[in-house]
Amino acid sequence: MDERITLAHGAGGKQTSDLIRGLFKRYFDNQFLTADDAAVLPSPKGKMAMTTDGFIVSPWDFPGGNVGRLSVCGTVNDLACMGAKPLYLTCSFVIEEGFPIKSLDRIARSLAETAQEAGVSIVAGDTKVAGRGQVDGIFITTTGVGEIVPETKLSGSQARPGDAVIVTGDIGRHGCAILLSRDEYGIEADVTSDDAPLWGTVRSMLDVTTDLHVIRDATRGGVGTVLYEIAEESGVGICLNQADIPVDPAVSGVCGMLGLEPLYLACEGRLVVFAPKEHADALLEVLRRGRYSQNAAVIGEVRQTLPGRVCLKTRIGTETLLPPPGGELLPRIC
Ligand code: MG
């Protein structure tokens, strides 16, 4: 096989079919993926969730993951946030002419391994090649379909006064890992992305109670942005205890040096959960046994006062307003 992607790989002829057979088919093989024009699938029994997302992260390879793993996690996590078990995924690649086939192989392998971990089948795909400079390396778009667990009615508008606010792990690792891997700041720190497929995490919480109000993955804009979204959508106030927010020491070190707020750094494997306070202990117990949620913590609560605002109780006991999210901190983090 050629060592680099050429325009011919996207032209639909022999090179395209060599690439599909020799690389994608090898990793993505499953009963639903055929050479036909569309996948034929059994329908889920109840309600379905469907979502799509594009992944243009730069660099495509970073500590703790790569664009392949990310493009599965991002989409299955959006399904999971709606209480949906991910079932099917489609996957569309736009690759820059000259991209190394070895790198594409690694990306496809990660994508397949993560799909397997997430319990989702890649049922259809597409490959296009754009000329040099027309895209940067590789862009991937995935679309996912999931089956919603009956009795769940999760939505960003469901937060209620008295809810506990839970994060499922330490925050800000993905944004920090991307920032460091761009090498623009000359900082050396051992930070890996938290990117992970989280259906198992959501399932374990639903086994405790289906009375969860909101689940949202804290991707672009981080936990702080999600909290402002929920405060707005639900018309409630949120109060956080700064001392309870889990942040890896390396991440807070980097944030300290660069004057960044970890609450606004992206995560790719963390959920923000709003649930009635009486379930908080049981949820934390099950989360702390989970593979991707060992550092889960209650970080605050929902209040009736100051709707649309997020307050922060600082370590010295004062209460301040968390500054509302600003513009995009870092472009192309996912
Ligand atoms: Mg999301």
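Relative protection proxy for 139-150, 28-39, from highest mean packing down: 139-150, 28-39 (other beta-carbon atoms within 10 angstrom).
A 1.4 Å probe run over the protein chains yields, for the chain, 45 Å² of accessible area per residue, whole-number rounding. Reducing the stretch 102-133 and the stretch 241-320 to their Cα centroids gives an inter-centroid distance of 33 Å.
Pairs of C-alpha atoms in the stretch 29-72 farther apart than 11 Å represent 77 percent of all such pairs.
If I take R0 = 22 Å and measure r between the Cβ atoms of Arg4 and Ser58 in this structure, what FRET efficiency does the formula 1/(1 + (r/R0)^6) give, to the nearest 0.05?
0.70
For the stretch 1-126, the relative contact order comes to 38 percent (Cα pairs under 8 Å, sequence separation of at least 6). Within the accessible surface of the chain, defined with a 1.4 Å probe on protein heavy atoms only, the carbon and sulfur portion equals 49 percent.
Taking 35 Å as R0, compute the FRET efficiency from the Cβ-Cβ separation of Arg106 and Gln294 and round it to 0.05.
0.80
Inter-label distance, Ala35 to Ile187: 5.2 nm, where each label sits 7 Å from its Cα along the C-beta direction. Ordering 218-227, 204-213, 277-286 by mean Cβ neighbour count within 10 Å, with the highest value first, yields 218-227, 204-213, 277-286. Restricting attention to the stretch 163-321, close to 85% of DSSP beta bridges with both partner residues there are antiparallel.
Per-peptide packing, taken as the mean over residues of other Cβ atoms within 10 Å, places 161-170, 95-104 in the sequence 161-170, 95-104 from highest down.
Our summary gives the chain a relative contact order of 22 percent, counting only alpha carbon pairs under 8 angstrom and 6 or more residues apart.
The share of alpha-carbon pairs in the stretch 85-187 lying farther apart than 25 Å comes to 47%. Assuming a ≥ b ≥ c are the square roots of the Cα gyration tensor eigenvalues, decide whether the stretch 163-321 counts as rounded (a/c under 1.5), prolate (otherwise, with a/b larger than b/c) or oblate. Judged from the Cα gyration tensor, the stretch 163-321 comes out oblate (a/c at least 1.5, b/c at or above a/b).
Evaluating kT/(6 pi eta Rh) at 20 °C and 1.002 mPa s, with the Kirkwood radius of the chain over Cα pairs in the Stokes-Einstein relation, gives 103 µm² s⁻¹. For the stretch 204-283, the Cα gyration tensor yields ellipsoid semi-axes of 25, 15, 12 Å (square root of five times each eigenvalue, largest first, whole Å). Seen from every direction in turn and averaged, the convex hull around the alpha carbons of the stretch 16-120 projects onto 7.4 nm². The phi-based Karplus calculation (6.51 cos²θ - 1.76 cosθ + 1.60; θ = phi - 60°) puts the 3J(HN,Hα) values of the stretch 3-14 at 8, 10, 5, 10, 4, 5, 5, x, 8, x, x, 4 Hz, whole numbers, x for Gly and Pro.
The values are calculated or read from the model by the stated rules, or taken from the named source; none is laboratory data. Note that the structure is predicted; figures quoted are calculated from it, not measured. With ideal geometry, Cβ positions are generated from the backbone for all residues, glycine too; neighbour counts draw on all protein chains shown. For the accessible areas, the whole protein counts, side chains as well, though only heavy atoms, and no ligand, DNA or RNA atoms are used. Shrake-Rupley method; radii C 1.70, N 1.55, O 1.52, S 1.80 Å.
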